[in-house]
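Report on the following structure.
The values are calculated or read from the model by the stated rules, or taken from the named source; none is laboratory data. No experiment lies behind these values; they were computed from the predicted model shown. For neighbour counting, all protein chains shown are included, and Cβ atoms are generated from backbone atoms with ideal geometry for every residue, glycine included.
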Amino acid sequence: MSNNLKDELLNGAMKALQSETAQKIMNNEKVQKGVAKAFRASYDLKTGIDERKEDFARRFNLATQDDLRTMKRELDRLHRQVDFLKREKAEKKDS
C-alpha cells in the first residue's frame, strides 16, 4: 500500500473517530471490551507467528532477523576498530 493512500486512510479514520457518533459508540462498554479483545487477539496472533518463525529458523539452522541485526552491529563495531587501527598506524608512520 502506498504511503499516500495509507496516510489518506489514516486521516479519514481519525476524522471519523472524532465524530460525535463515533465517540458515543466508543464510549459503549461492550465496544471497548470488543476492541480490547481484538487488540489482544492480534497481539497473541503476531506473537505466535513470530515464535513459530523463530522455531522454524532454528530447526533449519537459518538466520533470523535478530541474528542478522546482531551480526550487523558486530560487523559495524569491527569496521570501526579496523578504521581506528589504520588511523593509529598512519599516525605512527607520520611521526
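Side notes on the structure shown:
- Residue count, the range 40-95 (criterion: among the polar types (S, T, N, Q) and assigned to a helix (DSSP H, G or I)): 5
- Every pair of residues 6+ apart whose Cβ atoms lie under 6 Å, when the first sits in the range 19-48 and is among the small types (Gly, Ala, Ser) while the second is surrounded by 10 or more Cβ atoms within 10 Å (Cβ to Cβ) and in a helix (DSSP H, G or I): Ala22/Ala16
- Residues within the range 1-31 that are over 26 Å from the mean Cα position of the chain (by Cα), part of a helix (DSSP H, G or I) and of a type outside the set (Lys, Arg), tallied: 10
- Screening Lys86, Lys15, Lys93 for residues that are modelled with pLDDT of 90 or more and either surrounded by 10 or more Cβ atoms within 10 Å (Cβ to Cβ) or not hydrophobic (A, V, I, L, M, F, W, C) (or both) leaves exactly one candidate, Lys86.
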